Amino acid sequence: MNLHQRGAELINGLKDHILEVLRGHPDAESEGMGVIQEEIARRAGLHNMGTGELDHTCGEMLRLLQKEGLIQLVEEAEQDEKRKRWRLNSR
């Protein structure tokens, strides 16, 4: 496996991990109020109180999942990235 393939595997693993966190939260159901990004990062173990780098990784994974149609952003107008709410799309 080359480095490019390994990178893709890591990204897919992170996306699966985020989906698992969302599936385990009642507010993340398709009709739920959504879960704030900061809480998703914390529950996923991707939140570091001292820096924002890991939380940024969570945000990128959420945006990728949104592009894939698996989740949706609940509050488009929220300016603070960490306070945006996300939930699963109905399937």
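The values are calculated or read from the model by the stated rules, or taken from the named source; none is laboratory data. These figures come from a predicted structure and were not determined experimentally. Note that we place each Cβ from the backbone using ideal geometry, even for glycine, and neighbour counts take in every protein chain shown. Surface areas here come from the heavy atoms of the whole protein model, side chains and all, with no ligands, DNA or RNA. Shrake-Rupley method; radii C 1.70, N 1.55, O 1.52, S 1.80 Å.
Key figures
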{"item": "Relative contact order, percent, the stretch 1-53 [alpha-carbon distance under 8 Å, six or more residues apart]", "result": "23 percent"}
{"item": "Peptides 40-48, 1-9, 19-27 ordered by average Cβ neighbours within 10 Å, highest first", "result": "40-48, 19-27, 1-9"}
{"item": "Viscosity 0.692 mPa s, temperature 37 °C, Stokes-Einstein D of the chain from Kirkwood C-alpha radius, µm²/s", "result": "247 µm²/s"}
{"item": "The chain - percent of accessible surface contributed by carbon and sulfur, probe 1.4 Å", "result": "49 percent"}
{"item": "LYS67-GLN5 FRET efficiency (beta carbon distance; Förster radius 30 Å; 0.05 resolution)", "result": "0.90"}
{"item": "Extension reserve of the GLU29-ASN89 stretch, reckoned as 0.36 nm per residue once the Cα distance is removed", "result": "20.8 nm"}
